[in-house]
Each structure stands twice: as C-alpha cells, then as structure tokens.
C-alpha cells in the first residue's frame, strides 16, 4: 500500500511538474505575446501619427496647388487681356499712321495749291500793273 501511495505520489508529482512546466511555458508565451502586442500597438500609434502628418502635408500641398492654379489662371487672364489691348493699340496705331499719311498728303496738296494760287495772284497782279 505504501508503494502504491508512493507511486501515486510520484505520478502526481510528475504530472504536477509537467503541468507547472506547461504553465510556465504558457506564461512565457503569454508574456511574449503581450510584449509583441505592446510593440505592435506602439508601431500602430507611430504609423497613425505618421499618416496624420502625411495627410496634413498633403492637404497643405493641395491648398498650395489650388492657389498656384488660381495664380496661373489669373496670369493667363491678364495675359489674354494684355494681348487684346496690344491688338487694339496696334489697330489704333495703324489707323493713326493712315490718318497721318493722309494728312501729310493733304498738306502737300494744299501747299502745292497755295503755291499755284500765289503764282496766279502774282501773275494777275503783274498783269494789272503792266496795264
């Protein structure tokens, strides 16, 4: 009986040590998983912060792109307006040049006519004095 009790006790001690070893192993696995979970949580938080910063930078860049597009559009509109003004000034200059040329031609004709008139008046006066 003593042997049976002793064998039973030895078997219980063996099973107890096996269970304790399994519990220790499970506790180590649990601790390792907790450590990995903590590390992953920290990495997730770091990535969230990085994503938030990247989204903010992206929003700022999008705003700058929008402002640049508005500036380019305003510059293009200004360029278009100035091109139209240049064309209008060129047309006005061409008209003024044409008018100036016509006025010069008319002035030349008037001067020629004035000289002819003076010559006629002068010859009439000479004829009158001779008579």
Under the 0.36 nm per residue contour assumption, what length would be gained going from the current alpha-carbon distance of residue 116 and residue 28 to full extension? 18.8 nm
Where does helix 2-130 land angle-wise versus the long Cα axis of the chain, in degrees 0 to 90, nearest 10? 0
How far apart, in nm, are two points set 7 Å out from the Cα along the Cα-to-Cβ line at residue 85 and at residue 8? 11.2
Pulled fully out, how much extra length does the chain show between residue 51 and residue 100, if you take 0.36 nm times their separation in residues and subtract their Cα-Cα distance? 10.5 nm
At 222 nm, what value in deg cm²/dmol follows for the chain if DSSP H runs of at least 4 each add -39500 (n - 2.57) and the sum is divided by all its residues, to the nearest 500? -38000 deg cm²/dmol
Just for the Cα atoms in the chain, what are the lengths along the principal axes, largest first, rounded to whole Å? 189, 13, 11
Extending each Cα 7 Å along its Cβ direction at residue 21 and residue 68, get the distance between those two points in nm, one decimal. 6.8
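Taken together, the values in this text are just the output of simple stated rules run on the coordinates, not laboratory data. Only a predicted model underlies this, so the values are computations on that prediction, with no experimental measurement involved. Please note: Cβ atoms are built from the backbone with ideal geometry, for glycine as well, and neighbour counts cover all protein chains shown.
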